[in-house]
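K.L.:
Below you will find the structure I want to go over with you.
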Amino acid sequence: MMLSSSEIREKFLSFFESKGHVRVPSSSLVPHNDPTLLFTNAGMNQFKDVFLGLKKLPFTRATSAQKCVRAGGKHNDLDSVGRTARHHTFFEMLGNFSFGDYFKKEAIAYAWEFLVEVLQLPPERLWISIYEKDEEAFYLWQEVANVPPEKIIRMGEKDNFWAMGDTGPCGPCSEIYIDRGEEYRCNSPECKIGVCDCDRWRELWNLVFMQYNRDEHGNLTPLPKPSIDTGMGLERIATVMQNVYSNYDTDLLRPIIAFIENMTGKKYFGDDRGFPFRVIADHIRAITFLISDGVLPGNEGRSYVLRRILRRAARFGRELDLNEPFLYKIVPVVVSIMGDAYPEIKKNQDYVQRVINFEEERFHETLSDGLKMLYEGIAQLEEKNSKVIPGEMAFMLYDTYGFPLDLTEDVAREKGFTVDREAFNKLMEKQRERARAKRKGEYPIDELYEILKPLDPTVFVGYESLTSEAQVEMIIFDNEPVVEANENTKDLILVLDRTPFYGEAGGQVGDTGVIENESFTFTVKDTKRTPDGKIYHIGKLEKGYVRLKDKVTAKVNEARRKDIARNHSATHLLHRALKDVLGEHVNQSGSLVAQDRLRFDFSHFTALSEEEIKKIEDLVNKAILEDLPVIVEETTVEEAQKAGAIALFSEKYGEKVRMVSMGSYSKELCGGTHVSTTSEIGLFKIISEGSVGAGVRRIEAVTGWNFLNYTRENLTIISNLVEVLKVKPQDLITKVEELLETIKTTERQIESLRQQLINKKVEDLANNKISLGDFSVISTAVEDASAEDLRNISDVLRQKIKSGIVVLGSSTGGKVYLVCAVTKDLVEKGYHAGKIVKQVAEITGGSGGGRPDFAQAGGKYPEKLGQALSIAVDIIKSWKV
């Protein structure tokens, strides 16, 4: 039976729906609420909390076609891509799941029925692997599927025992293989399942029997409700159903390769010659889906992995003579193949292409310069019979050319070289140490974390009140806990059992205010929090004594907090407005919510037009003027997302989250402080918009009193200009344009007169030349001449005297400028402008040098200029040619 990949996917999902499973959409490639994963890499990822017992679903059976990426961290197939017939960075995982419902018997029965009856695979070609100690599975495969015992292979824990982590749910697994026949056999005499990894034995489906819980000591205890997690790669089963050699020959990847063939005019071959085709075809799928799911190329985390994949694909394009950006042109092919199953890539196609093109253009120059240097370095090493690229060379490529280490290692591997990574890492660490040395005034968070570890998390009461009674739990001076402190110690950190002070988090700055009692007054300059919830107050003891366990009153600066709240609420409205105006691809990349302004970084690849900025401002101000209620609710991440709340991928959310709603316009998960109604924000104004990195834009804006101050300052400037220029406000721009045009005209006239003076000086200087045999020398001072004037004059004089040397000097503002120009014929005879000017400059207390035909220098003793220029003639006379 021949089936397309779309037909296989639909048959799988429909089959399991007929068995009582709920069809669940693929989750994003960016895992929500799971910082342990860079990318979604298996179908079970979205059900992890269900398997852990942290979450319940309204159903106990599910099936999905999950988009996956394995290209970073523990699960990384990047280096194998294109080298084998079956490894990919991006792939689809077909899966069925039981959450405490059915177990081994049904899982085995369903898998066998789908493969043998639905897909009509010949059962005699199917083989089974089981965990060596799983007797139950051994007998079930015989009982349920009638598999002969000799076709059931026992394997060890490494291959056939699955665990979610070092502790937690785990269990044996069973894999279904197909024997593709002798034509796929390798040359190994040990070509059999469990021993050989060749393409004859194609693993199709992995059934995980989640039946144990492993504790920290490695002990296994049976789970009260065992579960099932299975996964079958769509690309692998498509290879079998379409009777082709490799995944790259299926309808999921071959059309991409055909497009590359047409683009390059080169033919694809299934052997090593086709390696670049396979890499590009694989990588463009990962790139398209990752960008569509909100990942942008960058230098950290998943952004760096995406950049690495994209740049790797771009580099392999060079091997096919694709020397200009080309990856973005392949995106429509990916969309045509997979857009129906994953409509998000169809919706985001234009955006994805713009992102890729932008990144390719940025990388083009880096790639050209870096590869040139690397290939030259490898050639030199080959001459020395060395096969190790020094860490210094790899670091130079990284530091000077922005050439990533992994790309250097890729090229090295292809040329039979290795990279001295240890030496590279040492140089990187030295660079980090230099960067750390530049940072001053920062509290050592790691040290504080350890110091504060014995304390309970601080109770934060600042949502309800800006004043609170509390008790001093810790006093820190000079990074050491102390039992008391007086005003002589000044700079301190205080930790209370409860506080109304907001500790810096989520982009919102920490509160300021006062902590006091009858014995002391402590001014809080900043408030921060540790990752485990200890809030600490940084400030100065203005008077008195503070002791451990003192009862105190903590008071937040109310006016400042209100300004911050206005800006934070405005940030939420801005985020929503950006999505409405620019598109849903916009996601927050960073923020600062301060008293005087808000700053919002977001994913977008082009500068905002004036019209777009106006639309964004109008939407935000509309929401403000509608006086929308700001409602804060405690809920779960799942319920908040169902309600349409924006959740940030980078945030780690707990079981309960705060959802901040502003009418029906904005819903966002947030732990910050906010206004009660949007009208409290006042008004909103964007004061700047620009780029802060590849694909990241930054908006700065003001609200409330700061909006008023910004407006007043600008109106004052306009008023002053109107007064000075003696015009009406509406005529101001016209008047300024007239003045600018007048200034340009005047500058052109001045330049013309200046050029006439220079020409006159040139004539005078040319008449004062000294003859030295068959060539002339001009060595003199030029009054009121800049360094640029001297260069221009020397160039004209050199042309006039035809054969000779020109040495000119001037002193302006206490500085000495010197130039020397030598005609071509004298350069050929050995005269050198750089050496001449160097000796002349030394007399004036300066230094310099340059080319044989032209050189310049500076000095710091104007009074010695005349003497130096006289000596220049003697230097030229004594020149040994």
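The values are calculated or read from the model by the stated rules, or taken from the named source; none is laboratory data. None of the values given here were measured: they were computed from a predicted structure. Using ideal geometry, Cβ is built from the backbone for each residue, glycine included, and neighbour counts are taken over all protein chains shown. These accessible areas exclude ligands, DNA and RNA; they are computed on the full protein's heavy atoms, side chains included. Shrake-Rupley method; radii C 1.70, N 1.55, O 1.52, S 1.80 Å.
K.L.:
In what order, largest first, do 532, 272, 179, 350 sit by accessible area if the probe radius is 1.4 Å?
P.N.:
Working: 532 50, 272 135, 179 30, 350 100 Å².
The most accessible residue leads, giving 272, 350, 532, 179.
K.L.:
So if I take the centroid of the Cα atoms in segment 834-881 and the same for segment 521-552, what is the distance between those two points in Å?
P.N.:
For segment 834-881 versus segment 521-552, the Cα centre distance is 65 Å.
K.L.:
Also, I was wondering about something else. Taking the Cβ-Cβ separation of residue 767 and residue 730 as r and a Förster radius of 45 Å, what is the calculated FRET efficiency to the nearest 0.05? All intermediate terms of the calculation are to be shown ahead of the outcome.
P.N.:
On the way: r = 59 Å, r/R0 = 1.31.
In this case the efficiency is close to 0.15.
K.L.:
In segment 479-575, what chymotrypsin sites (Phe, Trp or Tyr not before Pro) fall in a loop by DSSP, with at most 15 other Cβ atoms inside 10 Å?
P.N.:
Listed in order of number, the matching sites amount to none.
K.L.:
Go through 800/877; 48/528; 346/579 and tell me which ones have a Cα-Cα distance over 27 Å in this structure.
P.N.:
Details: 800/877 21 Å; 48/528 32 Å; 346/579 18 Å.
Those over the limit are 48/528.
K.L.:
Which lysines, if any, have their Cα less than 18 Å from the Cα of residue 543, not counting same-chain residues under 8 positions apart?
P.N.:
Qualifying lysines at Cα under 18 Å: 490, 525, 551, 555.
K.L.:
In addition: Hey, with R₀ at 41 Å, roughly what FRET efficiency would residue 415 and residue 163 work out to, going by the Cβ-Cβ distance, to 0.05?
P.N.:
Here the calculated transfer efficiency is 0.60.
K.L.:
Can you tell which of 782, 462, 607 lies farthest toward the positive end of the dipole of the chain, using +1 and -1 charges on the Cβ of basic and acidic side chains (Lys, Arg; Asp, Glu)?
P.N.:
782
K.L.:
If we restrict to alpha carbons, what Rg and Dmax does the chain come to, in Å?
P.N.:
My reading of the Cα-based Rg and Dmax gives 36.2, 113 Å.
K.L.:
So what does residue 731 come to for accessible area, using a 1.4 Å probe and Å² rounded to 10?
P.N.:
Result for residue 731: roughly 70 Å² accessible.
K.L.:
Something else about it: For segment 741-791, run through the GluC sites (Glu not before Pro) and keep only the ones in DSSP coil with at most 14 other Cβ atoms within 10 Å of their Cβ.
P.N.:
783
K.L.:
Mind checking the full-extension length gain between residue 812 and residue 746? Use 0.36 nm per residue of separation minus the Cα-Cα distance, one decimal, nm. Working shown, then result.
P.N.:
On the way: separation 66, 0.36 × 66 = 23.76 nm, distance 2.37 nm.
Length gained between residue 812 and residue 746: 21.4 nm.
K.L.:
Could you give the length gained on full extension between residue 453 and residue 714, defined as 0.36 nm per residue of separation minus the Cα-Cα distance, in nm?
P.N.:
Working: separation 261, 0.36 × 261 = 93.96 nm, distance 4.97 nm.
Full extension from residue 453 to residue 714 adds 89.0 nm.
K.L.:
While we're looking at this one, here's another question. May I ask you to evaluate 6.51 cos²θ - 1.76 cosθ + 1.60, the Karplus curve with θ = phi - 60°, for each residue of segment 576-588 and list the ³J(HN,Hα) values in order in whole Hz, giving x for glycine and proline?
P.N.:
Taking θ as phi minus 60°, the curve returns 5, 5, 4, 5, 5, 8, 9, x, 5, 5, 5, 9, 5 Hz for segment 576-588.
K.L.:
Expressed in whole Å with the largest first, what are the equivalent ellipsoid semi-axes of segment 157-274 derived from the C-alpha gyration tensor as the square root of 5 times each eigenvalue?
P.N.:
On the way: eigenvalues 282, 64, 32 Å².
After diagonalising the Cα gyration tensor, the semi-axes are 38, 18, 13 Å.
K.L.:
Under the 0.36 nm per residue contour assumption, what length would be gained going from the current alpha-carbon distance of residue 505 and residue 225 to full extension?
P.N.:
Length gained, residue 505 through residue 225: 96.9 nm.
K.L.:
At 222 nm, what value in deg cm²/dmol follows for the chain if DSSP H runs of at least 4 each add -39500 (n - 2.57) and the sum is divided by all its residues, to the nearest 500? Please report the intermediate quantities before stating the final value.
P.N.:
Values: 25 runs with 342 residues, N = 881.
Calculated mean residue ellipticity at 222 nm is -12500 deg cm²/dmol.
K.L.:
Sticking with this structure for a sec: Taking the Cα centre of segment 577-618 as origin, work out the dipole magnitude from +1 charges on Lys and Arg Cβ and -1 charges on Asp and Glu Cβ, in debye rounded to 20. Could you put the intermediate results ahead of the total?
P.N.:
Numbers: 5 positive and 9 negative charges, 34 e Å.
Once rounded to the nearest 20, the dipole reads 160 debye.
K.L.:
Also, quick follow-up: Can you tell me the convex hull volume per residue for segment 631-726, based on C-alpha atoms, in Å³ to the nearest whole number?
P.N.:
On the way: hull volume 13.6 nm³, N = 96.
Taking only Cα atoms, segment 631-726 has a hull volume of 142 Å³ per residue.
K.L.:
What accessible surface, in Å², does a 1.4 Å probe find on residue 752, ignoring ligands, DNA and RNA and rounding to the nearest 10?
P.N.:
Accessible area, nearest 10 Å²: 60 Å².
K.L.:
Hey, what did the chain get for relative contact order, percent, Cα under 8 Å, at least 6 apart?
P.N.:
Values: 1596 pairs, mean separation 52.0, N = 881.
In percent, rounded to a whole number, it is 6.
K.L.:
What do you reckon, how do 428, 396 stack up by accessible area (1.4 Å probe), largest on top? Mind showing how you got there, number by number?
P.N.:
Values: 428 20, 396 65 Å².
The residues order as 396, 428, largest area first.
K.L.:
Here's something else I'd like to know. Please list 143, 504, 359 from largest to smallest accessible area, probe radius 1.4 Å, with all protein chains kept in place.
P.N.:
On the way: 143 120, 504 85, 359 0 Å².
Solvent-accessible surface, decreasing: 143, 504, 359.
K.L.:
According to the square roots a ≥ b ≥ c of the eigenvalues of the Cα gyration tensor, what is the shape class of segment 85-204, taking rounded for a/c under 1.5, prolate for a/b larger than b/c otherwise, and oblate for the remainder? All intermediate terms of the calculation are to be shown ahead of the outcome.
P.N.:
On the way: a/c = 1.42, a/b = 1.26, b/c = 1.13.
Rounded shape, in that the Cα axes give a/c under 1.5.
K.L.:
What accessible surface, in Å², does a 1.4 Å probe find on residue 870, ignoring ligands, DNA and RNA and rounding to the nearest 10?
P.N.:
70
K.L.:
If each of residue 477 and residue 517 carries a label point 7 Å out from its Cα toward its Cβ, how far apart are those two points in nm?
P.N.:
Distance between label points: 1.7 nm.
K.L.:
Given charges of +1 on the Cβ of Lys and Arg and -1 on the Cβ of Asp and Glu, with all other atoms neutral, how large is the dipole of the chain about its Cα centre, in debye to the nearest 20? All intermediate terms of the calculation are to be shown ahead of the outcome.
P.N.:
Working: 116 positive and 133 negative charges, 432 e Å.
So the dipole magnitude of the chain works out to roughly 2080 debye.
K.L.:
Leaving out ligands and nucleic acids, and using a 1.4 Å probe, what accessible area per residue does the chain come to in Å²? Could you put the intermediate results ahead of the total?
P.N.:
Values: 41740 Å² over 881 residues.
Roughly 47 Å² per residue, with all protein chains present.
K.L.:
Farthest toward the dipole's positive end in the chain, which of 819, 290, 400, given Cβ charges of +1 (Lys, Arg) and -1 (Asp, Glu) about the Cα centre?
P.N.:
Highest projection toward the positive end goes to 819.
K.L.:
Please report the net charge: other residues with Cβ closer than 15 Å to the Cβ of residue 350, K and R +1, D and E -1. Intermediate values should be presented prior to the final figure.
P.N.:
On the way: positive: 329, 346, 347, 354; negative: 344, 584.
Net charge in that neighbourhood comes out at +2.
K.L.:
Something else about it: Could you give each residue of segment 378-394 its phi-based ³J(HN,Hα) in whole Hz, using Karplus coefficients 6.51, -1.76, 1.60 with θ = phi - 60°, and x for Gly or Pro?
P.N.:
Per-residue couplings from phi come out as 5, 4, 5, 5, 5, 4, 8, 6, 9, 10, 10, 7, x, x, 5, 5, 4 Hz.
K.L.:
So what are the radius of gyration and Dmax for the Cα set of segment 584-642, in Å?
P.N.:
For segment 584-642, the Cα-based Rg and Dmax read 14.8, 39 Å.
K.L.:
Counting residues in segment 830-881 as N, plug N into 2.2 N^0.38 Å and put the Cα Rg over that result. All intermediate terms of the calculation are to be shown ahead of the outcome.
P.N.:
On the way: Rg = 10.5 Å, N = 52, 2.2 N^0.38 = 9.9 Å.
Taking N as the residue count of segment 830-881, the ratio is 1.06.
K.L.:
Pairing the Cα long axis of helix 421-438 with the longest principal axis of the chain, what angle in degrees results, from 0 to 90 and rounded to the nearest 10?
P.N.:
60
K.L.:
Just to confirm my numbers, what's the Cα centroid distance between segment 102-164 and segment 263-308 in Å?
P.N.:
Value for the Cα centre distance between the two parts: 35 Å.
K.L.:
Kindly provide log₁₀ I(q)/I(0) values, in the same order as q = 0.22 Å⁻¹, from the Debye equation applied to equal alpha-carbon scatterers of segment 156-225.
P.N.:
-0.88
K.L.:
Let me check I've understood the local charge: for residue 483, count other residues with C-beta under 13 angstrom from its C-beta, Lys and Arg +1, Asp and Glu -1. What total comes out? Spell out each step's value before the answer.
P.N.:
Numbers: positive: 547, 549; negative: 473, 480, 484, 550.
Spelling it out: positives minus negatives among the neighbours equals -2.
K.L.:
If you don't mind, another one. What is the spin-label model distance, in nm, from residue 263 to residue 612 if the labels are put 7 Å beyond Cα along the C-beta direction?
P.N.:
2.5
K.L.:
While we're here: Strictly greater than 25 Å: what percent of every Cα pair in segment 463-581 meets that?
P.N.:
Details: 1862 of 7021 pairs.
Percentage above 25 Å: 27.
K.L.:
What does the net charge come to around residue 496 if you take all other residues with beta carbon closer than 13 Å to its beta carbon, with K and R at +1 and D and E at -1? Numbers along the way, then the final one.
P.N.:
Details: positive: 498, 529, 534, 549, 551, 555; negative: 456, 469, 473, 497, 511, 516, 550.
Net charge around residue 496: -1.
K.L.:
If you don't mind, another one. Between segment 707-761 and segment 356-376, what is the separation of their alpha carbon centroids in Å?
P.N.:
Going from one Cα centre to the other spans 44 Å.
K.L.:
Here's a follow-up. With N set to the residue count of segment 559-606, report its C-alpha Rg divided by 2.2 N^0.38 Å to two decimal places.
P.N.:
Numbers: Rg = 11.6 Å, N = 48, 2.2 N^0.38 = 9.6 Å.
That ratio works out to 1.21.
K.L.:
Tilt of helix 254-264 relative to the longest C-alpha principal axis of the chain, in degrees (0 to 90, nearest 10)?
P.N.:
20
K.L.:
So, one more: Taking 7 Å along the Cα-to-C-beta vector as the label spot, tell me the residue 579-residue 543 distance in nanometres, rounded to one decimal.
P.N.:
Here the answer is 5.2 nm between the modelled labels.
K.L.:
In the chain, carbon and sulfur make up what percent of the accessible area (probe 1.4 Å)? Display every interim value, and only then the final one.
P.N.:
Numbers: 20430 of 41740 Å².
The value for the chain is 49 percent carbon and sulfur by accessible area.
K.L.:
OK, next. Choose one of 541, 495, 506: the residue whose Cα lies farthest towards the positive end of the charge dipole of segment 450-550 (beta-carbon charges +1 Lys, Arg; -1 Asp, Glu; about the Cα centre).
P.N.:
506
K.L.:
I'd like the per residue volume of the convex hull spanned by the Cα atoms of segment 300-383, given in cubic angstrom.
P.N.:
Details: hull volume 10.2 nm³, N = 84.
Cα convex hull per residue, to the nearest whole number: 121 Å³.
K.L.:
Still on this structure, I have one more. Using DSSP to define loop residues, name the GluC sites (Glu not before Pro) in segment 573-678 whose beta-carbon has at most 15 other beta-carbon atoms within 10 Å. All intermediate terms of the calculation are to be shown ahead of the outcome.
P.N.:
On the way: sites: 584, 610, 611, 612, 617, 626, 633, 634, 638, 639, 651, 655, 668; in loops: 584, 626, 651, 655.
When the GluC sites (Glu not before Pro) of segment 573-678 are filtered for loop state and at most 15 Cβ neighbours within 10 Å, 584, 626, 655 remain.
K.L.:
Write down, largest first, the equivalent ellipsoid semi-axes of segment 690-750 in whole Å, where each equals the square root of 5 times an eigenvalue of the alpha-carbon gyration tensor. Could you put the intermediate results ahead of the total?
P.N.:
Numbers: eigenvalues 195, 100, 13 Å².
Semi-axis lengths for segment 690-750 are 31, 22, 8 Å.
K.L.:
Which semi-axis lengths, in whole Å and largest first, follow from the square roots of five times the eigenvalues of the Cα gyration tensor of segment 751-881?
P.N.:
Working: eigenvalues 83, 68, 30 Å².
After diagonalising the Cα gyration tensor, the semi-axes are 20, 18, 12 Å.
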